[in-house]
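Below is one structure, written out as structure tokens; the observations come after it.
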């Protein structure tokens, strides 16, 4: 794999750490600024909303520019946001820093996914994207415990200073290691927006919403399941969440390999297994051993869908992938919001602490129906939207010359 992918993965790690690292520090932030726990929680939900907005609006604004320069500019924005967070004298300014950093999140992954896939051969694209997303999944594993530990030892601002340094290193790495974008791969906004006329692009977006909604539908309230149903103590919850993160790390790479071999089969299999895992988790949550295994599997299968979902979107928008890729990142976050919302409704309705897991199983099952139906007409759609063979040969020659 090209060494430039390491720089992209490091950027993904920094962005993931920005998103998840603050979770364990909310009590310290709330105490420092004198706000309630729920208000402090807006630093998390506000970030997620800004990601969805930035994934669409910012990606649209930058789609016509050289992708390497875009990635460098996005890292400058990322560094600025975390620097603002690190020195913020008020809660409001901290929120500004969070929003600024979040705006680059979706655009970085959407543009980065295109750049990563352009750096490798056709049969390695999903694996390349998986390596870039590996930084994000590594943050899932390490973000909460590392961010919490550093913040508790040196103050919560130290976490943002550390992320700022990661951003600087990433910026230098992208500038030095990522190949220059060629003129043949540049696009314009009109051609990027045209992909939303294609039904298969919307199938991919719907599938991303359902897949991530299924995982997050159960995961958002997992602490209640672990303590109220499985009987674990509060002190063990963070380490159990690390186990979920380990699963996401494993699943991301397994999913990339599987999608490279057979995209439709991988996605259909992942959605089917995810629905089963969530249902089994709900049925066996009172058993601690079964809960540990289910938590690991939920993370593994849930994130195994990510590389395939991104590749599927780009497959049906091969002539204008950047905006479609950004829309897919936005879909991930919309799915997160919908899954958490539906899981909360189930809890509020009195269906019990395993009810969010049933919500997740239902969303995964709906995703299975969508991807199975979408695969039936997918082959002809792909052939209509794919670049001409000569264009593909040109792209590979140019990539090899970089």
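No lab work stands behind these numbers, since they all come straight from the coordinates. Quick caveat, the model's predicted, so the values are computed rather than measured. Every residue, glycine as well, gets a Cβ built from its backbone with ideal geometry; the counts of neighbours run over all protein chains shown.
Anyone know which of 112, 326, 231 comes out most mobile in the 10 Å Cα GNM of the chain?
Evaluated over the chain, the most mobile residue of the options is 231.
Ranked by Cβ crowding within 10 angstrom, fewest neighbours first, how are 91, 221 ordered?
Least to most surrounded, the residues fall as 91, 221.
Give, in nm to one decimal, the length gained when the segment between residue 65 and residue 169 is fully stretched (0.36 nm per residue of separation minus the Cα-Cα distance).
Here the segment from residue 65 to residue 169 would lengthen by 35.2 nm.
Only helical DSSP H runs with n ≥ 4 go in: add -39500 (n - 2.57) per run for the chain, normalise by residue count and round the 222 nm mean residue ellipticity to 500 deg cm²/dmol.
Rounded to the nearest 500, the figure is -28000 deg cm²/dmol.
Stretch residue 122-residue 73 to full length: gain in nm at 0.36 nm per residue minus the Cα-Cα span?
Stretched fully, the residue 122-residue 73 segment lengthens by 14.9 nm.
Based on other C-beta atoms within 10 Å, arrange 170, 236 from fewest to most.
The most exposed by this proxy come first: 236, 170.
Calculated FRET efficiency, residue 45 and residue 237, Cβ-Cβ r, R0 22 Å, to nearest 0.05?
Approximately 0.65, to the nearest 0.05.
Taking Cα pairs under 8 Å and at least six residues apart, what relative contact order does segment 1-181 come out at, in percent?
43 percent
What nm value, rounded to one decimal, do you get for the distance between residue 158 and residue 194 when each label is placed 7 Å out toward the C-beta?
A separation of 5.4 nm, rounded to one decimal place.
Full-extension gain between residue 93 and residue 289, please, as 0.36 nm times their residue separation minus the C-alpha to C-alpha distance.
Residue separation times 0.36 nm, minus the Cα-Cα distance, leaves 66.1 nm.
If you rank 129, 268, 3 by fewest surrounding Cβ atoms within 10 Å, what's the result?
Fewest to most other Cβ atoms nearby, the residues stand as 3, 268, 129.
Between (i) 63, 60, 38; (ii) 66, 49, 40; (iii) 61, 48, 32, which entry matches Cα extents along the principal axes in Å as derived from the coordinates of this structure?
(iii)
Using a Förster radius of 35 Å, what is the FRET efficiency between residue 349 and residue 257 based on their Cβ-Cβ separation? Nearest 0.05, please.
Calculated transfer efficiency: 0.30.
Quote the relative contact order of the chain in percent (integer), defining contacts as alpha-carbon pairs under 8 Å separated by 6+ residues.
Dividing the mean separation by the residue count of the chain yields 24 percent.
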